[in-house]
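Engineer: One structure is given below, represented as structure tokens, and several questions about it will come after.
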Amino acid sequence: MPQSLLKSVNRDAGKAIHHYGMISHKDRILVGISGGKDSLTLLWLLNERLSRIPVQYELFPVYIDPGFPGGFADSLHQWVKTTGLTLQVVYTDNGIRAHSEENRENPCFLCARMRRKRLFDIAGELSCNKIALGHHKDDIIETFFLNICFSGTMAAMRPLQPFFGGRFSIIRPLAFVDENLIGRLARNNNFPEFVNPCPYGKISKRKEIKDFLSQLYQTNEKIKGNIFRSLSNIHHDYLL
């Protein structure tokens with residue numbers, strides 16, 4: 001792997017972890033694994049950092065299987081073993097229930113909500129105080145536009161977000177990392193490519209926003225950085 005690539009990803013992830021104080025000594029961190037390049041990179045990166053930083057923590061990778069046909073839980077379990085960790089697989093029917101005829105309004109929201117609830121339950125069972133998710137800079141920007149366009153709110157994802165009075169905190173160590181860098185790192189590390197079994201994965205509202213932003217970025221290379229910086233540079237006096 002090119003050292004410049006690893007250095008860039010490590011630098012941006014380290015900056016986010018340090019800026020928000022995401023990880024402390026002896027943390028027990030549940031790592032939510034989806035099978036995509038983002039969560040695989042997150043697990044690999046957090047595991048790799050342990051060998052060269054003074055802060056020590058434990059990682060507990062967990063995959064919530066949504067129940068669609070054509071799942072990849074067994075193959076994912078084998079890949080996680082190569083990192084020296086053990087994947088906990090939780091089989092559910094979350095995806096099928098969320099996309100059933102009884103719930104046509106916002107199936108992706110319900111599926112994600114049920115998955116998040118299960119992660120909190122498992123974090124409690126494992127005595128984990130942190131839940132690490134693989135959302136990156138592009139995800140945060142896309143969520144901001146999704147909320148504006150489809151929810152009528154100005155909100156995104158917080159890199160560090162406490163829940164239940166601080167009992168748990170969701171952390172996003174890749175919050176400052178560009179998606180294209182994550183893709184390059186995954187390819188250079190020969191991470192497996194798992195096909196998302198969700199039948200709606202390619203026609204979601206997020207996909208529409210991603211395509212729109214991709215076209216916008218092509219007009220000016222500074223646009224993505226400006227949008228991301230604007231999320232922490234808010235002029236309240238000029239909002240309704």
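Derivation of every value follows stated rules applied to the coordinates shown; laboratory data play no part. In this text, all values refer to a predicted model and were calculated from it rather than measured experimentally. Here the Cβ is made from the backbone with ideal geometry for all residues, glycine too, and neighbour counts use every protein chain on show.
Engineer: Starting from the Cα of LYS130, draw a straight line to each of the aspartates and glutamates and keep only those under 19 Å, dropping any in the same chain fewer than 8 residues away.
Structural biologist: Candidates past the 8-residue exclusion: ASP27, ASP38, GLU48, GLU58, ASP121.
Engineer: Counting Lys and Arg as +1 and Asp and Glu as -1, what is the net charge of the other residues whose Cβ lies under 14 Å from the Cβ of GLU142?
Structural biologist: Numbers: positive: LYS137, ARG172, LYS205, ARG206, LYS207, LYS210, LYS224; negative: ASP38, ASP138, ASP139, ASP178, GLU179, GLU208, ASP211.
Every neighbour counted, the sum reads 0.
Engineer: Work through the residues other than LYS130 whose Cβ is under 13 Å from its Cβ and net out their charges, Lys, Arg +1 and Asp, Glu -1.
Structural biologist: After counting each charged neighbour, the total is +2.
Engineer: 222 nm [θ] for the chain, helices only, -39500 (n - 2.57) per DSSP H run of 4+, per residue, to 500?
Structural biologist: So the calculated ellipticity at 222 nm is -14000 deg cm²/dmol.
Engineer: Could you tell me, in Å, what Rg and Dmax come out for the Cα atoms of segment 135-219?
Structural biologist: Rg and Dmax of segment 135-219, Cα atoms, are 15.0, 44 Å.
Engineer: Write out the trypsin sites (Lys or Arg not before Pro) in segment 1-48 meeting two conditions: DSSP loop, and at most 16 other Cβ atoms within 10 Å of their Cβ.
Structural biologist: Within segment 1-48, the qualifying trypsin sites (Lys or Arg not before Pro) (loop, at most 16 other Cβ atoms within 10 Å) are LYS26.
Engineer: Another question, if that's okay. Considering only C-alpha atoms, what is the centroid distance from segment 1-36 to segment 179-219, in Å?
Structural biologist: First find each Cα centre; the distance between them is then 20 Å.
Engineer: Counting only GluC sites (Glu not before Pro) that are in a DSSP loop and have at most 15 other C-beta atoms within 10 Å, tell me the longest site-free stretch of the chain.
Structural biologist: Values: sites that count: GLU101, GLU102, GLU105, GLU193, GLU221.
Between the exposed loop sites, the longest stretch runs 1-100.
Engineer: I've got another one for you. Note down the net charge around LYS37, summing +1 for each Lys or Arg and -1 for each Asp or Glu among other residues with Cβ under 13 Å from its Cβ. Walk me through the numbers before you get to the answer.
Structural biologist: Details: positive: ARG184, ARG187; negative: ASP38, ASP138, ASP139, ASP178, GLU179, GLU193.
Around LYS37, the surrounding residues sum to -4.
Engineer: Which of the listed residues, GLN78, GLY36, ASN220, is farthest toward the dipole's positive end in segment 3-238, when Lys, Arg count +1 and Asp, Glu count -1 at the beta-carbon?
Structural biologist: The listed residue farthest towards the positive side: ASN220.
Engineer: Any idea which of PHE163, LEU126, ASN233 is furthest toward the positive side of the dipole for the chain, if Lys and Arg beta-carbons carry +1 and Asp and Glu beta-carbons -1?
Structural biologist: So the residue furthest toward the plus end is ASN233.
Engineer: Okay, moving on. Could you name the aspartates and glutamates in cross-link range of LYS117, using Cα to Cα under 16 Å and dropping any fewer than eight places away on the same chain?
Structural biologist: Correct list for LYS117: ASP65, ASP93, GLU125.
Engineer: Restricting the count to DSSP beta bridges whose residues both fall in the chain, what percent are antiparallel, rounded to a multiple of 5?
Structural biologist: Here the share of antiparallel DSSP bridges comes out near 20 percent.
Engineer: With point charges of +1 on the Cβ of Lys and Arg and -1 on the Cβ of Asp and Glu, referenced to the Cα centre of segment 3-238, which listed residue (VAL9, THR153, PRO61) lies farthest in the positive direction of the dipole?
Structural biologist: Going by the Cα projections, it comes out as VAL9.
Engineer: Among the complete DSSP H segments of the chain, which ones combine at least 15 Å of alpha-carbon extent along their axis with a mean Kyte-Doolittle hydropathy of -0.5 or more?
Structural biologist: Within the chain the helices that satisfy the rule are 37-49, 107-125, 137-150.
Engineer: Let me know the volume per residue of the alpha-carbon convex hull for segment 6-125, in Å³.
Structural biologist: 129 Å³
Engineer: What is the percent of Cα-Cα separations in segment 3-238 that go past 22 Å?
Structural biologist: Of the Cα pairs, 55 percent sit more than 22 Å apart.
Engineer: Mind checking which lysines have their C-alpha under 26 Å from LYS222, skipping anything on the same chain fewer than 8 residues away?
Structural biologist: LYS7, LYS15, LYS37, LYS137, LYS205, LYS207, LYS210
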